[in-house]
Amino acid sequence: IYDDAQNLIGLRGVSLNITSEVKAKQELEQTIVALKQANEEIENYAATVKELAFEANAASRAKSDFLTNIGHEVRTPINIINGMSYLALQSGLNSKQQAYVNKIKDAGNSLLNILTDILDFASRDNGGFVLNKEHFDVAKLLRSIVDSLHPQVGSKDIDVNLQISPEVPQILVGDKARITQVFTNIIGNAIK
């Protein structure tokens, strides 16, 4: 405080206790540092998860590609076995030889069904299930399916016949392998 001549004659002061504000500021700064650290850890975890997901997808694609490649490589010899079995059965074998060849043919058909299931699994697992479009003779396809399943009938008291409505076109376009698989499974289950 000053007098009229501007001489200092006293002091006046205000005292404020800001301890709680300082402490709150320090806590806020500590919280911000902790949040930044937590955010960095989350970003690191996210990057790790993204990398692991990429590796898992790559491994899954590699597995599916492997199954598909192996499946296609194995399908050819199985088809040859089935075709040769069919030809052998048409060649006038004695009953014992026919029984052996029928067992070979049945085993080939079973392997072909398993292989088709593996390829289907690989296709679905790979994120796609592509249906082929090809022309095929419906009667010929269905006759071959019924013929291939006759050995399963064996001594059962059943008869498997094929009747195709005249309204069904002779040539259709579709996935011959999938249609074969579906009808083989349906008729095979009915026989069982």
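The values are calculated or read from the model by the stated rules, or taken from the named source; none is laboratory data. This one's a predicted model, so the numbers in the text were calculated from it and none came from an experiment. Here the Cβ positions follow ideal geometry from the backbone for every residue, glycine too, while neighbour counts run over all protein chains shown. SASA here: full protein model, heavy atoms, side chains in, ligands and nucleic acids out. Shrake-Rupley method; radii C 1.70, N 1.55, O 1.52, S 1.80 Å.
Among the residues of the stretch 173-192, which ones are within 15 Å of Asn109 (Cβ to Cβ), assigned to a helix (DSSP H, G or I) and open to solvent by 60 Å² or more (accessible area, probe 1.4 Å)? Show your work before the answer.
Filtering the stretch 173-192 down to residues within 15 Å of Asn109 (Cβ to Cβ) leaves 177, 180-189, 191-192.
Subset that is assigned to a helix (DSSP H, G or I): 177, 180-189, 191.
If the condition is that a residue be within 15 Å of Asn109 (Cβ to Cβ), assigned to a helix (DSSP H, G or I) and open to solvent by 60 Å² or more (accessible area, probe 1.4 Å), then Val182, Phe183, Asn185, Ile186, Asn189 are the ones that fit.
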_Here are the criteria: (1) modelled with pLDDT of 90 or more; (2) touching a Leu at 6+ places or on another chain (Cβ under 8 Å). Tell me which single one Ala38 does not satisfy._
(2)
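Yes/no per residue for (1) modelled with pLDDT under 90; (2) part of a helix (DSSP H, G or I):
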position	(1), (2)
Arg12	yes, no
Ile32	no, yes
Glu51	no, yes
Thr68	yes, yes
*Could you list, in sequence order, the residues of the stretch 126-172 that are assigned to a strand (DSSP E or B) and either open to solvent by 50 Å² or more (accessible area, probe 1.4 Å) or modelled with pLDDT under 85 (or both)?*
Glu134, His135, Ile171, Leu172
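Can you tell me how many residues in the stretch 100-125 are open to solvent by less than 70 Å² (accessible area, probe 1.4 Å) and either modelled with pLDDT under 80 or touching a Gly at 6+ places or on another chain (Cβ under 7 Å) (or both)?
Taking the stretch 100-125 as the starting set, the residues that turn out to be open to solvent by less than 70 Å² (accessible area, probe 1.4 Å) are 101-102, 105-110, 112-113, 115-116, 118-120, 122-123, 125.
Pick out the ones that are also either modelled with pLDDT under 80 or touching a Gly at 6+ places or on another chain (Cβ under 7 Å) (or both) and you get 113, 115-116, 118-120, 122-123, 125.
Selection size over the stretch 100-125: 9.
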*For the stretch 15-40, name all the residues that are within 40 Å of the chain's Cα centre (by Cα) and open to solvent by less than 100 Å² (accessible area, probe 1.4 Å).*
Ala38, Asn39
